[in-house]
1. Could you check which residue among M200, M132, M48 shows the biggest mean-square fluctuation in a GNM of the chain with a 10 Å Cα cutoff?
2. Rounded to the nearest 0.05, what FRET efficiency do T40 and E101 give with R0 = 35 Å and r taken as the Cβ-Cβ distance? Could you check?
3. Could you tally the net charge around T29, taking each other residue with its Cβ under 11 Å from the Cβ of T29, Lys/Arg +1 and Asp/Glu -1?
4. Using a simple charge model, +1 on the beta-carbon of Lys and Arg, -1 on the beta-carbon of Asp and Glu, nothing else, what dipole does the range 3-231 show about its Cα centre, in debye to the nearest 20?
5. Taking 8 Å as the Cα distance limit and 6 or more residues as the minimum spacing, I'd like the relative contact order of the chain as a percentage.
6. Per Stokes-Einstein, at 25 °C and 0.890 mPa s, what whole-number D in µm² s⁻¹ belongs to the chain, with the Kirkwood radius over Cα pairs as the hydrodynamic radius?
7. Tell me which of H114, V129, W55 sits at the most positive position along the dipole axis of the chain, charges placed on C-beta atoms (Lys, Arg +1; Asp, Glu -1).
8. What residue among D90, D59, D67 has the largest mean-square fluctuation in a Gaussian network model of the chain, using Cα springs under 10 Å?
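Nothing in this text is a laboratory measurement; each read-out follows from the coordinates by a stated rule. Since we're looking at a predicted model, the values are computed, not measured. Heads up, the Cβs are rebuilt from the backbone with ideal geometry, glycines too, and the neighbour counts pull from every protein chain shown.
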Amino acid sequence: MSEVTYEQRRGQIENYFDRTAAAAWAKLTSDAPVGRIRATVRAGRDQMRATLVSWLGNDLRGKRILDAGCGTGALAVEAARLGAQVVAIDLSPTLVDLARERIPADVSHLVEFHSGDMLDKNLGHFDHVVAMDSIIHYQTDDAVHALAQLAERTSGSIVFTFAPRTPLLALMISVGRLLPRSDRAPWLEPMAEKRIAQLMTTHESLAGWKCARSHRVSSGFYKSQAMEWLRA
């Protein structure tokens, strides 16, 4: 992975979510009414979040989980309600502050929020890592390299999402690029599942890992693929 590429894209993502789109994401991740297109995105994200949490198991007591790219904290809350000790981190301090405000009192002691890079080694070791829609703006080799670094500090599983490489998604991304720059996120970088599996073999830290479950969610403008890696 090119560190320059990763850092440049990380900066673009931080700028978008912390400055340009924080209010829009606060609304999207709330119960407030939204337009038809954003309603499909909200529904798709709810489906995907439920899938990822279910892959972690029904009883997470005693488990330490990294919510990498926690946004406004919905997944962290669900994992905590299953008993997990959650470290939730996001590049956007604004979204992390909102997540802190929204955390229900009954699980607030189980979730530790940070703003910064999900690859920060100071965050420690984990039983599971969840990266929901947090590597979708990186090129495939950069994304796999980032996940490989997380694997070095993970004992159980890594579950993540990516934008699947399909003709329809390519068309939707092209249409999205016609929107005013202030309204759009950094480009999605569609990935192929086979390419991800191939790149896994190039990282020594992933030698003991295998691809397990895969699941695709398609809800209007939300097209996302979930993938599970397990430590053998």
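1. M200
2. Details: r = 26 Å, r/R0 = 0.75.
Between T40 and E101 the formula returns 0.85.
3. Numbers: positive: K27, R38, R42, R45, R49, R102; negative: D31, D46.
Net local charge, T29 excluded: +4.
4. Values: 28 positive and 26 negative charges, 158 e Å.
Magnitude of the dipole: close to 760 debye.
5. Numbers: 402 pairs, mean separation 49.4, N = 232.
For the chain, the relative contact order is 21 percent.
6. Numbers: Rh = 17.8 Å.
Translational D for this selection: 138 µm²/s.
7. The one lying farthest along the dipole's positive direction is W55.
8. Result: D59 has the largest fluctuation of those listed.
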